[in-house]
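Below is one structure; the comments refer to it alone.
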Amino acid sequence: MFHSTRLARIAIFASIFAGLPLWAEQAPSEPPAGPGLELIQRSCISCHDIYMITTKRKTPQQWAEVMDLMAARGAEVTPEEMQVIEAYLSQNFSASTH
């Protein structure tokens, strides 16, 4: 009896843990190329990891607010560059794209 109970427990745990890799979070993929990415790599990753930025999902309005906040905090980008970054993030990392 003890042996069969032990085997049953082992089988239960094995079946539970066998599925864990399916639930594990996948590593983020490389962000799409483009002028916005080049600007992010030049201007943003000195303070932020690229995947911290590109794994966020925000609406275009929220990305605009983030850009305004970063400008207020001293991000070294021109207004034109900010528009390119904002457009890149809105196109590729919008709350509605994934």
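Any read-out appearing in this document is the output of simple, stated calculations on the displayed coordinates, not a laboratory observation. Please read these numbers as outputs of a predicted model, since none were measured by experiment. Here the Cβ is made from the backbone with ideal geometry for all residues, glycine too, and neighbour counts use every protein chain on show.
Structure above, values below:
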| quantity | calculated |
| --- | --- |
| Estimated vicinal HN-Hα couplings, Hz - the stretch 38-46 in sequence order (Karplus 6.51, -1.76, 1.60; Gly, Pro = x) | 4, 5, 4, 4, 7, 10, 10, 7, 5 |
| Modelled FRET efficiency - R0 41 Å, Glu76 with Ser96, Cβ distances, 0.05 increments | 0.85 |
| Charge tally in the Cβ shell below 14 Å around Glu38, where Lys, Arg are +1 and Asp, Glu are -1, Glu38 excluded | -2 |
| Radius of gyration, Dmax [the stretch 29-92; alpha carbons; angstrom] | 10.5, 30 |
| Under 12 Å, Cβ to Cβ, from Ala71 - net charge with Lys/Arg +1 and Asp/Glu -1 | -4 |
